[in-house]
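Here is the structure we will look at.
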Amino acid sequence: MKTRITILLLTLFMSVNLGFAQDDAQEECMNNLSIFDSYVKSKKYDDAYGPWKIVREKCPKFNRAIYAHGEKILKHKIENSTGEEQIAHINDLMLLYDQSREYYASKYDLGEILVDKANLAYKYRKELSKTDEQIYAMFDEAYTKDVKNFNSAVGLYTYFSLAVDIYDAGAKTPADAQKMFDKYDDVYEVIENLMEGYTTRLNKLAEKEEAGETLTKKEGQYKASYESNLDVYETKILSSMDKKLGDRANCEVLIPLYQRDFEENKNNEVWLQRAMNRLYAKECTDDQMFITIVQQKNAINPNADTAYYLGVLKEKEGKISEAEGFYKQSLELQTDPLKKWKLVMRIAEKNYKRGSFGKARQQYTEALRLNPSNGGPHLRIAAMYAKSANNCGDTNFNKRAVFWLAADEAEKAGRVDGRLRSVAAKTAASYRGSAPSKSDIFQCSCSGTVIKVGCWIGRSVTVPKI
């Protein structure tokens with residue numbers, strides 16, 4: 001009995017001490033958390049390092065700031081150190097990424113963490129003595145295990161860039177080339193999905209503005225963020241990928257490759273789709289291989305793309321009426337608004353280049369309906385007005401008045417699409433410079449009158465009041 005009482009008292013004593021110890025640790029962590037949080041907010045990362053390290057080691061689950069602020073602290077340490085000390089900090093940041101996932105899995109997606117580690121390894125590849133193959137494998141792990149959360153613009157470009165570098169350093173066999181092209185398509189599809197997501201969210205805000213509603217401050221911030229991300233992917237990442245690929249994917253390379261692999265892949269829908277897309281993008285449409293691939297894809301699974309490409313082939317034969325039939329079919333087959341928008345824009349561009357401005361305007365207007373946050377069609381319509389000014393007015397004044405119409409249309413592009421605000425303003429100013437001057441308006445005594453513009457334009461423009 002005495003033994004049992006002794007054990008009970010000992011257990012109680014230990015639990016009380018443990019409780020006090022835990023309370024002390026909690027209090028110490030709380031105090032140090034407050035200290036390093038204040039230092040980080042003041043960007044005093046060296047001062048934050050000590051108290052942050054205490055909290056991280058003693059209370060790793062205490063607060064997510066350990067990982068959010070810890071990344072900033074360690075990046076500062078890495079950038080301000082060299083040699084073994086720098087490498088130690090790099091490896092510690094790698095560990096911190098793993099720990100953030102371990103203790104706050106709901107806040108840190110696997111793909112995000114793997115890409116962060118790969119980006120870090122790439123940035124300090126010389127210091128870490130990492131090969132291209134090793135770093136590529138890190139990015140590939142993120143792509144393979146959690147592509148949904150592989151959304152780093154820098155990471156996606158680096159992933160593809162490394163694939164090209166590895167190809168260049170190797171034997172450059174047809175199989176190696178195909179692997180590189182496949183990786184281009186893989187990364188392009190990830191970026192395309194990300195861009196579609198941003199565009200869809202942006203369009204909801206554009207529709208709200210079109211309805212006359214004012215965006216909230218937060219919605220305005222979201223809009224700016226979505227536009228910025230789209231600009232990065234479209235004008236920087238995708239264009240850089242195409243530049244990196246360069247002549248490695250010209251017709252002289254692609255045609256023999258597809259000729260060699262066609263029989264093996266003639267029933268592979270993904271291979272056929274990617275092959276005809278790339279041949280079209282690289283303007284290899286005159287070659288029989290493009291025709292063969294399009295016809296084969298159309299035979300086993302016709303879709304909006306094959307219909308469009310069949311239209312391209314008919315147009316090359318000079319059969320415009322048949323081509324337009326296929327273009328119409330491609331639009332009917334495509335149900336996804338953003339993919340349909342791309343098709344409409346392609347067809348509109350063809351009519352624009354042909355000088356079929358009436359048809360082109362109809363299609364650009366449809367493009368604006370499908371994707372209201374992209375102001376490009378407004379600039380195209382404005383350009384068509386400007387090109388037609390000399391043909392759509394009965395007097396010199398009325399001909400020049402068409403430029404007011406063009407300027408108004410150009411300004412719409414900047415209102416709906418922040419990415420085009422600058423170019424839209426410059427374009428509109430240029431058109432207004434070609435319109436009648438104040439002295440011209442004074443001489444004609446037509447201030448505030450409405451001019452009906454004829455021919456295909458069929459619009460009215462009001463002379464500015466002076």
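The values are calculated or read from the model by the stated rules, or taken from the named source; none is laboratory data. Because the structure is predicted, anything quoted here is derived from the model rather than measured. Ideal geometry is used to build each Cβ from the backbone, glycine not excepted, and the neighbour counts take in all protein chains shown.
Numbers below:
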item: Inter-residue pairs, beta-carbon under 9 Å, first in contact (Cβ under 8 Å) with a residue 40 or more places away in the chain and in the stretch 377-390, second surrounded by fewer than 22 Cβ atoms within 10 Å (Cβ to Cβ) and small (Gly, Ala, Ser), 6+ apart; result: 378/414; 386/430; 386/434; 389/434
item: Residue within the stretch 300-320 that is more than 24 Å from residue 367 (Cβ to Cβ), part of a helix (DSSP H, G or I) and of a type outside the set (Lys, Arg) present; result: yes
item: Residues of the stretch 91-105 satisfying the condition of being without any contact (Cβ under 8 Å) to a residue 40 or more places away in the chain, more than 19 Å from residue 155 (Cα to Cα) and among the hydroxyl-bearing types (Ser, Thr, Tyr); result: 100
item: Single unsatisfied condition, residue 139 versus (1) closer than 20 Å to residue 109 by Cα; (2) more than 14 Å from the chain's Cα centre (by Cα); (3) not in a helix (DSSP H, G or I); result: (3)
item: Unmet criterion (only one of (1) of a type in the set (A, V, I, L, M, F, W, C); (2) under 24 Å from residue 115 (Cα atoms); (3) touching a Phe, Trp or Tyr at 6+ places or on another chain (Cβ under 9 Å); (4) buried (at least 20 other Cβ atoms within 10 Å of the Cβ)) for residue 153; result: (4)
item: Sole residue being among the aromatic types (Phe, Trp, Tyr), within 27 Å of residue 175 (Cα to Cα) and under 28 Å from the mean Cα position of the chain (by Cα), chosen from 309, 258, 327; result: 309
item: Neighbours by Cβ (under 7 Å, 6+ apart or cross-chain): first from the stretch 106-132, of a type outside the set (S, T, N, Q); second assigned to a loop (DSSP other than H, G, I, E, B); result: 107/64; 111/150; 115/150; 115/152; 121/130
item: Selection within the stretch 152-177 - at pLDDT 95 or above and either touching a Pro at 6+ places or on another chain (Cβ under 7 Å) or of a type in the set (S, T, N, Q) (or both); result: 152, 158, 161
item: Breaking point among (1) surrounded by fewer than 20 Cβ atoms within 10 Å (Cβ to Cβ); (2) in contact (Cβ under 8 Å) with a residue 12 or more places away in the chain; (3) more than 24 Å from residue 75 (Cα to Cα), for residue 226; result: (1)
item: Condition met for residue 48 (buried (at least 16 other Cβ atoms within 10 Å of the Cβ) and either more than 21 Å from residue 156 (Cα to Cα) or modelled with pLDDT of 95 or more (or both)); result: yes
item: Identity of the residue in the stretch 408-422, of a type in the set (D, E, K, R) and touching a helix residue (DSSP H, G or I) at 6+ places or on another chain (Cβ under 6 Å), that ends up surrounded by the most Cβ atoms within 10 Å (Cβ to Cβ); result: 409
item: Test: residue 212 is outside any helix (DSSP H, G or I) and in the same structural domain as residue 147 (by TED's automatic domain parsing); result: yes
item: Residues of the stretch 401-443 satisfying the condition of being in contact with a Pro (Cβ under 8 Å, 6 or more places away or on another chain) and touching a residue at least 40 places away in the same chain (Cβ under 8 Å); result: 401, 404, 416
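For every residue, the table says whether it meets (1) assigned to a helix (DSSP H, G or I); (2) surrounded by 10 or more Cβ atoms within 10 Å (Cβ to Cβ); (3) at pLDDT below 95.
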site	(1), (2), (3)
14	yes, yes, yes
21	yes, yes, yes
27	yes, yes, yes
63	no, yes, no
66	yes, yes, no
75	yes, yes, no
